[in-house]
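Before any comments, here is the structure.
Just so it is clear, none of the values below were taken in a lab; they were calculated from the coordinates. Everything quoted here is computed from the prediction, not taken from an experiment. In this analysis, Cβ positions are derived from the backbone assuming ideal geometry, glycine residues included, and neighbour counts consider all displayed protein chains.
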């Protein structure tokens, strides 16, 4: 049996063992989450109708939905969604393209780690909102500067989680592949990458939230379009429904990105997700 056959057999065994048990726990979790969200929205609507009714500072779910449809029909939302979506997409993709290789090289090459670690630690500890004015001064208020702010917010989570994932690869797996004649390339692609994937994708998921924050910060420091700009503008004129529409759309962008990454992780390493569910009591033996 070759090293490739060993790893392929391991993946098949993991899918066969874990996949049937995953569905009940996952469905139950999704149902509970949907019920919790619905209950929260109903409570919010009732509280507004009973105790507030009119306010310059808060709105109700029904008013927010009505405002969303009005802005959509008027065409006001499309430029804001396009601007924020482009800023997030460019900045986030760049953070993945840069962050994963940097994290890998820092984890596998001691000299590179010594050179880059002080920079990564210092920039990671620096609030990105403090860097945003400098980025705008240096690069203007165009798409590039806003994408760069998103990049600075997201990339360090990917670097650090990639580093942690590669350094945490289990030595016994490497030894098994080597014992069956596996080459260094096979060790990398058949052991190191699959074993580090959960940590890498976790870093990518954490980076989504920071990237969304980067979009808002970038648009507050100079923009004429974007959901962050929309939130800022309508907050100045006390229109909470429009503000909450903007916040809701930013949340939707983040949630969809987070969900797609979760599905990617389940597809690439299904055994890891089910192992977590077992440890949390999400499935029954």
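Quick notes
- Proxy reagent accessibility, fewest Cβ within 10 Å first, across 63, 146, 111, 190: 111, 63, 190, 146
- Extending 7 Å from Cα along the Cβ direction at residue 110 and again at residue 122 yields two label points whose distance is 2.4 nm.
- Taking 78, 229, 163 and counting other C-beta atoms within 10 Å, the order from fewest to most: 78, 229, 163
- Between segment 145-164 and segment 190-233, the alpha-carbon center distance in angstrom: 8 Å
- In the distance distribution for segment 38-181, Cα-Cα pairs more than 18 Å apart total 72 percent.
- Counting all C-alpha pairs of segment 135-195, share separated by more than 13 Å (%): 69 percent
- Counted by neighbouring Cβ atoms within 10 Å, the residues 104, 57 run from fewest to most as 57, 104.
- Computed log₁₀ I(q)/I(0) - Debye formula, equal Cα scatterers, no solvent, segment 56-270, q 0.13, 0.15, 0.18, 0.19 Å⁻¹: -0.80, -0.96, -1.20, -1.28
- Inter-probe distance in nm under a simple model that places probes 7 Å from Cα toward Cβ, at residue 176 and residue 51: 5.6 nm
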